[in-house]
1. If the requirement is being small (Gly, Ala, Ser) and assigned to a helix (DSSP H, G or I), which of these qualifies: Ala247, Ala258, Ala241?
2. Which members of the range 375-428 meet the condition of being polar (S, T, N, Q) and in a helix (DSSP H, G or I)?
3. Count, please, the residues in the range 516-551 that happen to be of a type in the set (Phe, Trp, Tyr), part of a loop (DSSP other than H, G, I, E, B) and surrounded by 12 or more Cβ atoms within 10 Å (Cβ to Cβ).
4. Among the residues of the range 378-412, write down those that are over 26 Å from Glu486 (Cβ atoms) and among the charged types (D, E, K, R).
5. Which of the helices (runs of 4 or more DSSP H) contained wholly in the range 261-332 include at least 1 residues that are within 20 Å of the chain's Cα centre (by Cα), of a type in the set (D, E, K, R) and within 20 Å of Arg84 (Cα to Cα)?
6. Tell me, yes or no, whether the range 120-133 has at least one residue that is among the small types (Gly, Ala, Ser) and closer than 30 Å to Leu186 by Cβ.
7. Which condition does Gly147 not pass, out of (1) within 16 Å of Leu173 (Cα to Cα); (2) within 24 Å of the chain's Cα centre (by Cα), if it passes all the others?
8. Scan the range 94-107 and give yes if some residue there is crowded, with 22+ Cβ neighbours inside 10 Å, at pLDDT below 95, among the β-branched types (Val, Ile, Thr) and outside any strand (DSSP E or B), otherwise no.
Amino acid sequence: MTQNNYVAEQQSNYTALEELPGRLVRLQGVYQQALLAAAHRSHKESLKPFLQQQLPLPSTLDWLEYLNDAGQRSLLFMDTLRQRGDNTLAHQRNAFPLLISFDYEVLVDGKDLPQPVNYSLLRIIPDAKQTIAETKQPIIIIEPRGGYGAGIAGLKPDSEIGESLRAGHPTYLVSFSHSPVSGQTLEHVRLAQARFIEAVSARHPEANQPVVIGNSQAGWALMGLAAARPELPGLVIINGAPLSYWAGGAGRNPMRYAGGMLGGAWLTRLGSDLGSGRFDGAWLVSNFDNLDPANTLWAKYYRLFRNIDTEQSSFLDVERWRGNPSLFNSEEIETTVDELFIGNQLVNGPKNPGSGVDLSQITAPVVMFCSYGDNVTPPQQALNWIAEVYPSDLALRSAERTIVYLKHATVGHLGMFMSGKVVRREHRALLGAIETIQNLPAGLFEMLVDDVPGTQTGSAPEYRVRLEPRSIADIIEENTDTQNDEREFCLIRRVSEANNSVYDCYVRPWMRELVQEPAAEMIRKTHPFHQQQVVWSSLNPLLWWLPGTAEQVRTKRQPARENNPLLAWQDMFSQQVTNLLDTYREVRDATQEYCFRSLYGGLSSFAEPQPSGSGVSTTHPEVQEPAAQIHEAPTPDEKLDATQQQPVAVTEQPVPEASPAPKKTAAKATASTKSGPAKRTATTRASPAKRAAKPAATARKTVKKPRKSAAAATAQQASPTPPMPLKLPKTDPAAAIHTEATVLKQQKPAIRKPKAKQPKPDDRSAD
């Protein structure tokens, strides 16, 4: 290290330490404003019934009616919880069968592969009323293995599987069983999923490469597979999957600080050893539940109590699915936490030899679906990888990549896959725009789904889908991280590595000898998550009277009138409890982040800075000479003139089958997406931790990108004159979706400002 570099590092450390008190004060102000805003909303909601005169004094008749109804509701509520426990026990006795609402057949069992895994490829069998076009692009949905059991993609008719069948696509599901195969690794799973995609492609030789959908955990796994085998997918759709694990904003996204406050990933090793080499997914499910204590402890149970006559069946179906978490091999969960959650290797991969992941190698169009209400995968963690891999619009277009993102305002993490409203709106729009997305030129686009006025009151609402051009600056503005934030997360990685070494050396050897399989099974069964369901089941002798009494209540049910004023008082009390638990959550998250910043912000000032490895892969052939390739590429106007496409509106009228498009190879897909004007300006992000690749042909000087609004101004490269639409084929007559796509021209793009306030998560509604 030269003397100048040493002095620069020391100055950087001193500056970071000097700025720490100011950063903590600003963070305190952010949370103070958030808490005040939450208190204001709580008071406003509490006073709303009084201001609207919705709480009249009840009469004696109202009291008698309400007390009788409340007693009956309480008995039915307790019996529903008993049925939940019985369903969990029955599911275990039946060896954890797959819970989906569709018939299926097993095409490839992962246990029969050379490197066996607990995954299988299933073909979904449509019912007699559904028509499937075998020449249409097949759709493969990969189930997320993030703690919960399999089946989230098809629990209800209004699901991702249901929408795929309704659109007439051959539909396949990659599912998994409860327990992993001995010795199974993430690499084995990747090879098996590649084999599944190859099997589907072989069944449909006349169609394009399959559309592959990855939900949550399956999303980041699919991105790794698409980077390693870019020729396999024809289109990649990622729903609620974190890819940039360090991204986020001050005062939000508290989950990313958990690893630092717990000392890194050593607890994952402890959990694996307590399971005799298998990690219990109940720990992950409990961690997810703790993110929203209001919903976990009160809201979902009150919703069942309030609507016991209509919500019982839906509640039991969801609880049967979530009540039996799956297991992981120790290697699987430890690799996931070490390399992804702590190491952030999906975006750091190109700068770390041996990581094996380079997202810039993905050639198929990528669609990212995220939500501001998702406290597991906020938009920053879902989208920031785009700016990390392609730090400028020039880099993205020169690499000939097409990326589309779709944002929801409020829906929570599970609601992105399970909510009927989201499925009928966003997922239906995504499936209806598949061909349009594949015909887009290279660049970044945002999909917007608008309600068609006058159609939302009927049984078949209509939506209009727009694909508007965006800039890398729009992605950067969502992420308020600074260089100091990356220093802190780099320090967490180093602390985690040190703690892992200590655990592996001094604790793991005797833990493995102490905890064998019988003890591990006992530990799993005594986990609080399992006990809360099993204790309130027919195994409890104190509940012998409940089934018969509940059956008598059902035959003599006398619900209260909906206009009974005591029901309004009851709802107000429930809202007060929910607000109280929400306030507790906000104070807890604020305290956790403040402690994190105080501890790691101070320690990172004394630690040796390490590069994050962010940025474009300098070995990527398409980024070596972007200027030369852009001069040779056709413009968006030329591409649209060649396709001769006009805007159309998709209605509910029957559509004749169209002739299938020729199957695209990886080379052809790359060549068909070249676009970009010859003259463009670009802004390349540069920092000590993030460097953009320097083209060899032009030797352009890297320009340091200002933050926030300045970033948006300097990244304006080319923006549309009147937008030119692309045609959307009529793929789903029942969808009633109108779609139009706009492409960039040589003027300033409209910069889409991020929302000033993060909406409240909305996982509390299943529909």
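1. Ala258
2. Gln380, Gln381, Asn384, Ser398, listed by residue number.
3. Adding up the residues that qualify gives 1.
4. Once the filter is applied, which keeps residues that are over 26 Å from Glu486 (Cβ atoms) and among the charged types (D, E, K, R), the range 378-412 yields Arg397, Glu400.
5. So the answer is 282-290, 308-322.
6. yes
7. (1)
8. Taking every residue of the range 94-107 in turn, at least one turns out to be crowded, with 22+ Cβ neighbours inside 10 Å, at pLDDT below 95, among the β-branched types (Val, Ile, Thr) and outside any strand (DSSP E or B).
The values are calculated or read from the model by the stated rules, or taken from the named source; none is laboratory data. As the structure is a computational prediction, the values presented were derived from the model and not from experiment. Neighbour counts run over all protein chains shown; Cβ positions are idealised from the backbone, glycine included.
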